[in-house]
Amino acid sequence: MHVVLTGPTASGKSALAVELALHPALAGSVDLLSMDSAQVYRGLDIGTAKPGHAIRAAIPHHLIDLIDPQESFSAARFREEALARCAQIRAKKRQALFVGGTLLYGRALEGGLSELPPSDPALREAIAAEAARSGWPTLHAQLAHSDPDTAARLAPRDAQRISRALEVLRMTGKPLSDWHAKAARWQAEKVHWISLEPRDRTWLHHRIRMRLERMLADGLIEEVRGLIARPAMHARLPSMRAVGYRQCVQWLAEGAGEVSVLHDRILAATRQFAKRQLTWLRSMPDREVYACDTPSELRRALDALRKGLDLARDAGPGR
């Protein structure tokens, strides 16, 4: 069994996981595994709120800095890496806790994703060029005509997912929803979901704003400038389409005007991202929910995590 601490962005997942891992009762026996699709990239540090060197020195972290930002990373590869790391952690008689908000990776860990056809770079470039001419909302409308089920769960400007859905449709002639409906499941893994979710959405919005302002003060713009200046880097890479990075790349391409414009764009995109995460979480009835904006609930969440880790240790892998 695997224990996953999840929730929308800025809900305090990482801080609670660190508090748990440093708890004296656990005697430093917990390793943290990132379930974040942007933290896998080397060099994406500030905009992903990647844990700092001091925390990573105190607590073993995994599934961070796996690949260069010019590369791609899939949910299938996440599952492969995650299960391998869990086996290593258990062999050392330690406990593994997944932490992050990339719920697609969590589904992959459970074994519930279909085996989709591989990506076609030429077709992906053609779709990107079409979007540059017509806009992503137009392509979203095209997708809605041929694959209404997939389009219904995507925002009209969700470039990465609209592109992938159209790519699969045009490459195979079958909608992405059909591929998912006929999912060839991996061997199932039991996952115990513990989710931090706010009772008051304005609390989360305030946290998102404060974190964004820290990122900008810490050098997010300079980080993105350095990344985009590397050979083979461009705006359409998955790493540069992550929330915060995508808006910063676009702002730089427009001539880097007022920072307030960039601030507002990232803020709006992050709030939308959090809304999508909460929508997905509400579709998971088996999760344990604790209010991240209520201190007494966070105490309960810590207790639930400790109990979950004990159950996972006793149950063993995959049970």
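Just so it is clear, none of the values below were taken in a lab; they were calculated from the coordinates. Please read these numbers as outputs of a predicted model, since none were measured by experiment. Every residue, glycine as well, gets a Cβ built from its backbone with ideal geometry; the counts of neighbours run over all protein chains shown.
Couple of notes before you dig in:
- When +1 charges are put on Lys and Arg Cβ atoms and -1 charges on Asp and Glu Cβ atoms, the dipole computed for the chain relative to its Cα centre reaches about 480 debye.
- Computed FRET value (nearest 0.05) for ALA268 with ARG77, which takes r as the C-beta separation and R₀ as 22 Å: 0.10
- Global form of the range 121-181, assessed from the alpha-carbon gyration tensor, a/c cut-off 1.5: oblate
- By average C-beta atoms within 10 angstrom, highest first, the peptides 280-291, 98-109: 98-109, 280-291
- ALA253 paired with GLN88, simple spin-label distance in nm, labels 7 Å along Cα-to-beta-carbon: 3.6
- Rounded to 10°, Cα long-axis angle of helix 121-134 versus longest principal axis of the chain: 60
- Note on ASP65 and ASP286: their simple-model spin labels are 3.5 nm apart, each label 7 Å out from Cα toward Cβ.
- Positive dipole terminus of the range 228-319, leading residue within ALA312, LEU267, LEU298 (C-beta point charges): ALA312
- Amide H contacts under 5 Å for LEU33, placed H, 5+ residues apart: HIS62, LEU97, PHE98, VAL99
- Crossing angle, helix 259-282 versus the chain [Cα axis fit, 0-90 degrees, rounded to tens]: 60
- Taking the three principal axes of the alpha carbon atoms in the chain, the coordinate ranges are 58, 47, 39 Å, sorted in descending order.
- Candidate lysines for bridging to LYS307, where Cα separation is under 22 Å - those fewer than 8 sequence places away on the same chain excluded: LYS13, LYS92, LYS93, LYS190
- Point-to-point label distance, ASP120-ALA217, nm (Cα→Cβ direction, 7 Å offset): 4.9
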